[in-house]
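Before any comments, here is the structure.
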Amino acid sequence: MTKIAPRQAYGEELVRLGQENPDIVVLDADVAKASMTYLFKEKFPERFFDLGISESDIVGTGAGFAVAGKIPFINAYANFLLGNGWEQIHISVAYANQNVKIVGHNIGASSGKDGPTHLPFEDIALMRVLPGIMIVEPADAIEMRKAVRAAAQHQGPIYLRVGRLPVPLVTCEEDPFELGKARILREGQDVTIIATGAMVAKGLEAAEELASLGISAEVINLHTIKPLDEETLLRSVQKTGAVVTAEEHTILGGMGSAVAELLVEEFPVPLQRVGVKDRFAVCAPYDELHNILGLTAKAITQSVQRVIRKNRQ
Amino acid sequence: MIQGKSLSHSELSEVARRMRRHILKMTHKAKGGHPGGCLSATDLLDVLYMNVLRVDPQNPHWDKRDFFFLSKGHAAPALYAALCERGFFPEEELFTFREAESRLPAYPSCESTPGVDMASGSLGQGLSIANGAALAAKLKGSDQRAYVMLGDGELHEGQVWEAMLTTAHYHLDNVCAIVDYNKLQLDGRLDEVKSLGDLPGKWRAFDWNVLEIDGHDLPQIEKAFAQAQAVKLQPSVIIAHTIKGKGVSFMEDQVDWHAAAPSDAELKIALEELK
Ligand SMILES: Cc1ncc(C[n+]2csc(CCOP(=O)(O)OP(=O)(O)O)c2C)c(N)n1
């Protein structure tokens, strides 16, 4: 399967958008080489601003650009941007409803070997509690391009989660993409696997394995984590009666929590969340870290078996 | 009216007197707010809104407007008084301050109030915003300017110093910061809580053009804004020495009036002093 790094697609699409729309400006916090915004910088140096290692300042500066009518994309490592800049995002972006595109890089296990100081597994939770901010994590590079474009067109704040390492292509150029609209990638009857980002490929892999065990799994690519596409999710779960969520994030307050909150209120069914289980990571390469943290197709398969067992009891 | 009004100094002083009365009546009626830090900022906001800012009360989102960000958002009543005097809304509306569905919430909100471009109340954020707006103006080739008012206590926030570097690095001569240097904060005197040391020296060391003035002297204030505008390739900060609670004898230089609403009797005395 072809693999492309989401950040590569992000950086390239930003350049294309820059060509089309002179109002787009890009801000970075001294990680332009990692975020790939250096591509934009090379092409449009006058519209690129390196704010240095100042994650609180970059959020406010982005908000100021938005006040003056520009469309700022602000970039930094997700943990530092959302950690240091949370209160600025809270007031100057969310409460002020400014059209700022917040782009968190190196998400999840992206820089596995750097260890816990560099591994954002809490960013979705940090953004979910802020009213009015859309949260988007594309499943692959193709979808990333569409998401960046849609983010630029969307009027309002948005948080885009961008991974560093290549992930398999699981969507096609022709697939429609709409912010806020979940996509069913594989239809099934027995269980709904709801995945986001790099975990979508693993959800599909698990579904394949489950099919050989006689279990028919529906796989949903939930690229927009907020607002939740309640309609698509409920329709699927009403059909299957069991759910497994999968995300490269802590299970506390993330996508799985959002789905669980919805289902507990609207249609309670057995549910398991695959994600980081309230622990810090360790220093390990990406794939190894995914194995250590249980972010695997196997973990999804086992969780599916558990929810199905619960339904039979 | 888009250009500043060019009021004379006696007219400005009359506006400042009215603004102080508005502030006291607003906080009295709302039984809350921060009169001390409003009254120290009044003369600065008076000159800024009457004679300096190019804004259009009929069209608050006019795309060539100058920007003002009240980073010390707790002085919202002073900002509302200035916006009212500039014609953004009628005087009666001032007295809806802090009411549930009012357009004039306790702290500034750009979603609610005509003429307010950014939410504030969480100290430390305004200079970054001004930098962003100023950079955008430069990019557009526009002569728009961005003004921001900071409290002296607010300068404890690290983000301000990040932003000071940004302003200087990009040579944003269209940014003018104003420090309301009243030497008091919430818990006490700045020098007791955490001293700022050589404040002008610190801004200078960050490559800012520093103008130090008496923040209650209207001609000095007006001159400082003009000087700031004349300096090229360097941002300016007006360090305005002020008195917290200025204009009301029993509030002046009193920490206790940081956040306290005047009672009926106190209001009466205060208004008498500001007749
Ligand atoms: C980030 C943040 N921390 C704390 C507060 C609470 N607070 C409100 S006003 C204030 C003191 C501000 O002092 P200063 O900036 O000197 O303002 P002034 O004396 O001019 O009113 C504090 C601590 C706040 N609003 N924001």
The correct count of residues that are away from chain A (no Cβ under 11 Å) and either at pLDDT 95 or above or closer than 16 Å to B:S71 by Cβ (or both) in region B:101-132 is 7
Only one of these conditions is not met by B:Y80: (1) closer than 20 Å to B:I269 by Cα; (2) out of contact with any Gly (no Cβ under 8 Å at 6 or more places or on another chain); (3) within 16 Å of the ligand (Cβ to nearest atom); (4) not hydrophobic (A, V, I, L, M, F, W, C). Which number is it? (1)
Which condition number does A:T240 fail, the rest of (1) in contact with a strand residue (DSSP E or B) (Cβ under 8 Å, 6 or more places away or on another chain); (2) without any contact (Cβ under 8 Å) to a residue 12 or more places away in the chain being met? (2)
Take the conditions surrounded by fewer than 24 Cβ atoms within 10 Å (Cβ to Cβ) and more than 13 Å from chain B (Cβ to nearest Cβ) and apply them to A:L81. Does it pass? no
Show the residue pairs that are 6+ apart or on different chains and have beta-carbon atoms under 7 Å apart, the first residue being within region B:245-259 and part of a loop (DSSP other than H, G, I, E, B), the second being of a type in the set (F, W, Y) and within 12 Å of the ligand (Cβ to nearest atom). B:G245/B:W257; B:M251/B:W257
Looking for something more than 14 Å from every other protein chain (Cβ to nearest Cβ), free of Cβ contacts under 8 Å to residues at least 60 places away in the same chain and within 13 Å of the ligand (Cβ to nearest atom) - is there at least one such residue anywhere in region B:203-216? no
Residues of region B:140-175 classified as within 16 Å of the ligand (Cβ to nearest atom), under 14 Å from B:A130 (Cα atoms) and within 11 Å of chain A (Cβ to nearest Cβ), total: 7
Among B:A205, B:A226, B:A240, B:A177, the single one that is over 18 Å from the mean Cα position of the chain (by Cα) and modelled with pLDDT of 95 or more is B:A205
Given the condition closer than 18 Å to A:D28 by Cα, in contact with a strand residue (DSSP E or B) (Cβ under 7 Å, 6 or more places away or on another chain) and within 14 Å of another protein chain (Cβ to nearest Cβ), answer yes or no: does some residue in region A:113-121 qualify? no
Restricting to region A:291-313, count the residues that are assigned to a helix (DSSP H, G or I) and touching a strand residue (DSSP E or B) at 6+ places or on another chain (Cβ under 8 Å). 8
Give the residue, chosen from A:E187, A:E230, that is within 22 Å of A:I251 (Cβ to Cβ) and among the acidic types (D, E). A:E230
For A:E55, the lone unmet condition from (1) farther than 19 Å from A:L126 by Cα; (2) acidic (D, E); (3) within 21 Å of the chain's Cα centre (by Cα) is (1)
Name the residues in region A:22-46 that are more than 19 Å from B:T166 (Cβ to Cβ) and surrounded by fewer than 14 Cβ atoms within 10 Å (Cβ to Cβ), would you? A:P22, A:K33, A:E42
Being under 15 Å from B:D152 (Cα atoms) and within 12 Å of the ligand (Cβ to nearest atom) is the filter; apply it to region B:222-257 and report the residue that is nearest to the other protein chains (Cβ to nearest Cβ). B:A240
Taking only region A:29-57 into account, find how many residues are away from chain B (no Cβ under 11 Å), farther than 19 Å from A:K70 by Cβ and of a type in the set (S, T, Y). 1
Scanning for something within 11 Å of the ligand (Cβ to nearest atom), part of a loop (DSSP other than H, G, I, E, B), within 14 Å of another protein chain (Cβ to nearest Cβ) and touching a residue at least 12 places away in the same chain (Cβ under 8 Å), does region B:62-72 turn up at least one residue? yes
Selected residue (only one of B:P77, B:P90, B:P105, B:P35 is over 22 Å from B:D143 (Cα atoms), surrounded by 24 or more Cβ atoms within 10 Å (Cβ to Cβ) and without any contact (Cβ under 8 Å) to a residue 60 or more places away in the chain): B:P77
Looking at this structure, is A:L252 part of a loop (DSSP other than H, G, I, E, B) and under 26 Å from A:G112 (Cβ atoms)? yes
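The values are calculated or read from the model by the stated rules, or taken from the named source; none is laboratory data. What you see is a predicted model; the values in this text were computed from it and never measured. Ideal geometry is used to build each Cβ from the backbone, glycine not excepted, and the neighbour counts take in all protein chains shown.
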